[in-house]
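Take a look at the structure set out below.
Computed from the coordinates by the stated procedures, all read-outs in this text should not be read as laboratory data. This one's a predicted model, so the numbers in the text were calculated from it and none came from an experiment. We place every Cβ from the backbone using ideal geometry, glycine too, and count neighbours over all the protein chains shown.
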Amino acid sequence: MTKPSVTLCSKGMRSISGIATMLADYIVTDNSQKSDYYAGWGRRPSMKRAQKTAQKNKKKALCLEDGFLRSVDFMPGKKNPPLSIITDKKGIYFDASKPSTLEDILNTKEFTQEELGRAQLCIEKIKSYTLSKYNNGLFYSKEALNIPADKECILIIDQCYGDASLKYGQADQSSFDKMMRDAKNNHPNAILLIKTHPDVLAGRSKGYLKKYYKDQNVVVIDKNVNPHCLFTYVSAVYTATSLLGFEALFCGLGVHVYGSPFYAGWGACASEPLIERRTKMRTATEIFHAAYIDYATYYNPYTDEQSDIETTIDLLHDLYLTRYQDDRPYHCAGFKRWKRAHVLPFLTRTSGPITFHDKEETAIKAATEDHGCIVIWASKETDTLTQQSQAKNIPILRMEDGFIRSVGLGSDLIKGASLVLDPYGIYYDPSQLSGLEYILNNRDFSEEELSRATFIKDFILKNRISKYNSDNNALDTSKWPKDKEIILVPGQVDNDASIKRGAVGDVKSNYELIQAVRTAKPDAYIIFKPHPDVVSGNRKGYIPPKHALKFANEIITGVSIQDVMQYVDSVHTMTSLVGFEALLAEKAVHCYGLPFYAGWGLTKDSVSIDRRKRDLNLNQLIVGAILCYPSYLDWENLIPVQAENTLHALSKSIKTKGQSSEAKVSLYKFIRRQSSRLWSNIKYSILSYRL
């Protein structure tokens, strides 16, 4: 049977991540002339367009809306894409002026004991995980909310003025006035907690209950509080049409309703209006099953597949724990303005404020005042910042790119898919303990983690994934000898922090490295591959070919490191990540400095480090470096993901990438790169003259 087609009548709807998957029962099309349905959102203008176009073409309209378990919002002031949506061919659940599909379900369906048992299990999980629609509220003590400790409390829910659920839910200012009168009469000695809407707090809207703020026995909840926190403090809830009313209802509270939301009129609430179309008596569990299971469609952004409520509940719980793993204010110093947007989503693991400072002294001052911590791009950390932070006992989180980053160069302002936040040091600086070193020294690696490491290694090799994935030219090996050891020498950025900190041996530059390798391996065929950032002209370290070829046999650029790796016998490096990638490919690796992967018994090292106390196998190193140390982000859905999700996304991007990054450069970048190369030629000509 052919699926019906649907046209989405707004740009915003078309841009929702996963919308085609959530509408899998339809074929989403841009051909509005041949569409079977025209979809709009809620009661917004797009729905009016959908209805008008459907009527004109003698077709049907379809209404979409957020589901009741929507998201965990990671960006302050910005909603994440929904993990559930509603599709309704008759109306929409919050519009009581006409029937909806949800209303039909509740009027006609006979629920089985199995269905009710499933609904109850979901309710218990939601209560246990303290989930709601948006999941961006926090827990506060009574004292923090100015609630008297020994008084009965009643929750009064305010809403945004003119909200669609009020307009179509048959509620207005008089409904809120009656709500307050009844609450005062029914609970004369209780504290009335007025819960303001977050948009009212932010000044983006006004509410209905402001005139009652100074009344006796009224406490205004002016913080973004998790609803389940408030439910533990109150004995009853008063609402017009808010979804919080239903969440309180299935949590076991008595709910008094002063509008016509979807959960009223079924006999489940403590008091509610009569809604004639709603003909059956229903329990909160039955209403839950109808609304959350029968009516809603769920989406898994990790698999891009439709999901079920149980999986979504677990997913929201995991996201919530990730989102709120810290509560300290973050004061970020040393970030250029373009970079702030690139790192902000990785910082939203704190519920505290995130502030970017132009100067490190203002960041130190602010962190001192509010007991926050400093976030610094690791290579920008100064001795002054370190010393003052230590003196004032201010924690420092050092940020750096992860080891699986992007398709394209960071120096070309490409957003990274992974970042590190290190509370100890930073992985490329062996002078002090880093978070990665701590993991590798102390973690008890599980069988599941080691199995994942095997998958990751195989996936990286099979799909030719590296840190930047910016090189895709063909590799010519026709002149490579068959009877000599073939050594790859990966170049690095000369002023890179990993060389400044990690090149602690005798070799401290690309030029010295090629010389040292030739001295150690006089008969080998040495291939020098400059760093992509150096080749692009964005960073320092360019060696003119005539100088590099005094020691190397060949220079290669623009080719994937994974393509090269399969033909070489060993890799010689100072601290390059290519050494780690060579280990993944099971090649011999010689380290002339102290990269994070040296000192664990997997490499031949010119420099030793006593702090690294264990011999590791390759999978254990992968678990630490790829699974545990970095954080990963899905930029489309703005949610944290696992390493495997990032690898799949990068693999897809690599396959669909039409051009190398070198082919897409602005005139400014071209001039900058050529200027950098001209200066390098002059510098090495002077060096050769001195030699």
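Tabulated data
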quantity	calculated
Rh (Kirkwood; distinct C-alpha pairs) - the chain, Å	29.0
Entries in 521/604; 59/90; 127/214; 89/127 that, when Cα-Cα distance is taken, lie over 21 Å	127/214; 89/127
Positive dipole terminus of the chain, leading residue within 260, 162, 579 (C-beta point charges)	162
Spin-label model distance (nm) - residue 611 vs residue 104, 7 Å beyond Cα toward Cβ	6.6
Structure-based [θ]222 nm, the chain - -39500 (n - 2.57) summed over DSSP H runs of at least 4, per residue, nearest 500	-9500 deg cm²/dmol
Charged-residue dipole, Cβ positions (Lys, Arg, Asp, Glu), segment 500-572 about Cα centre, Debye nearest 20	380
Reciprocal of mean inverse Cα separation for segment 447-663 (Kirkwood radius, Å)	18.2
Length released on extending from residue 27 to residue 97, taking residue separation times 0.36 nm less the Cα-Cα span	22.2 nm
Reachable aspartates and glutamates from residue 546, criterion Cα separation under 18 angstrom, eight or more residues apart if same chain	512, 554
Inter-site label distance for residue 178 and residue 380 at 7 Å from Cα along Cβ, in nm	5.7
Amide H contacts under 5 Å for residue 153, placed H, 5+ residues apart	191, 235
Förster radius 51 Å - calculated FRET efficiency between residue 519 and residue 5, Cβ distance, rounded to 0.05	0.15
Viscosity 1.567 mPa s, 4 °C: Kirkwood-radius Stokes-Einstein D of segment 113-299 over Cα pairs, µm²/s	76
Only Lys, Arg (+1) and Asp, Glu (-1) charged, at Cβ; the chain dipole about Cα centre in debye	2660
GluC sites (Glu not before Pro) within segment 544-639: DSSP coil, no more than 14 neighbouring Cβ in 10 Å	586, 636
Packing-based order for 610-619, 147-156, 164-173, using average beta carbon neighbours within 10 Å, highest first	164-173, 147-156, 610-619
Chain lengthening between residue 446 and residue 390 when straightened (0.36 nm per residue, less Cα-Cα)	16.6 nm
Contour minus Cα-Cα distance for residue 326 and residue 113 (0.36 nm per residue)	72.6 nm
Under 20 Å from the residue 205 label point (7 Å along Cα→beta-carbon), backbone N, segment 68-89	68-86
Rounded to whole Å, sorted largest first: equivalent-ellipsoid semi-axes of segment 332-442, Cα gyration tensor	22, 19, 13
Degrees between helix 337-347 axis and first principal axis of the chain (Cα, 0 to 90, nearest 10)	60
Distance (nanometres) between label positions extended 7 Å along Cα→Cβ at residue 215 and residue 483	9.8
Karplus-derived HN-Hα couplings along segment 205-216 (A = 6.51, B = -1.76, C = 1.60, θ = phi - 60°), whole Hz, x at Gly and Pro	8, 10, x, 10, 10, 4, 5, 9, 4, 9, 5, 5
Entries in 56/178; 78/109; 98/206; 78/380; 336/587; 195/339 that, when Cα-Cα distance is taken, lie over 32 Å	56/178; 78/109; 336/587; 195/339
